[in-house]
1. What's the extension gain from Asp11 to Asp48 if we count 0.36 nm per residue and subtract their Cα-Cα distance?
2. So, with +1 on the Cβ of K and R and -1 on the Cβ of D and E, and no other charges, what is the size of the charge dipole of the stretch 1-64 about its Cα centre, to the nearest 20 debye?
3. For the chain, just say rounded, prolate or oblate: build the C-alpha gyration tensor, square-root its eigenvalues into a ≥ b ≥ c, call rounded for a/c under 1.5, and beyond that prolate if a/b exceeds b/c, oblate if not.
4. Mind checking the dipole of the chain: about its Cα centre, +1 per Lys or Arg Cβ, -1 per Asp or Glu Cβ, Debye to the nearest 20?
5. Where a ≥ b ≥ c are the square roots of the eigenvalues of the C-alpha gyration tensor, would you call the stretch 81-134 rounded, which needs a/c under 1.5, or, failing that, prolate if a/b is larger than b/c, or oblate?
6. Using only DSSP helix segments of four residues or longer, with each worth -39500 (n - 2.57), what per-residue ellipticity at 222 nm results for the chain after dividing by its residue count and rounding to 500?
7. How much length is gained on full extension from His96 to Asp75, taking 0.36 nm per residue of separation minus their Cα-Cα distance?
8. Stretched out fully, how many nm does the piece from Ser56 to Gln117 gain, at 0.36 nm a residue minus the Cα gap?
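Every number in this text was worked out from the coordinates using simple rules, so none of it is lab data. None of these values were measured; they are calculated from a predicted model. Positions of Cβ are backbone-derived with ideal geometry, glycine not excepted, and every protein chain shown enters the neighbour counts.
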Amino acid sequence: MAVYLSQTANDGDVVIFTSLTRLPIDYYLERTPTTRKLFETSFPAEVDQHPGYEGSIRDPERRAALEREARSLIDKIATMQSPEPTRRVFFFHGFHPEIDAIAEQQLRDRLELLTGQGVKCGGAPYFNEVSVYR
């Protein structure tokens, strides 16, 4: 996946990691010679505070907070957009589809899904698909 991002993503593109996808991908991105300058973030952001532990993200009482976080994240990404529609957002689908769906709904509402640019990842330990938006 690090090779895919290095070959596909452009400087300034956004990568949204979900579940525990960031740490293993970053490990290989740092070792890939053509690594781009990407804006990386995780959803929920709590995962970045203590890599390798997801905390209580699946607690149903947290849904409203996760919805606010998703709106805020996509608002931030939308304000980063340049006048040219070239910046893309790579969204990693982790193994908590009910959590990922919160952020993905915001992406679908605000950005265009670029069909054919995503990747299915059978057998990956932390994610199963990457969708690309613009």
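1. Here the segment from Asp11 to Asp48 would lengthen by 11.1 nm.
2. Here the stretch 1-64 has a charge dipole of around 120 debye.
3. Oblate is the answer for the chain, as a/c is 1.5 or above yet b/c matches or exceeds a/b.
4. Approximately 280 debye in magnitude.
5. Verdict is oblate for the stretch 81-134.
6. The per-residue figure over the chain is -11000 deg cm²/dmol.
7. Between His96 and Asp75, full extension yields 5.3 nm more.
8. Additional length available on full extension: 18.7 nm.
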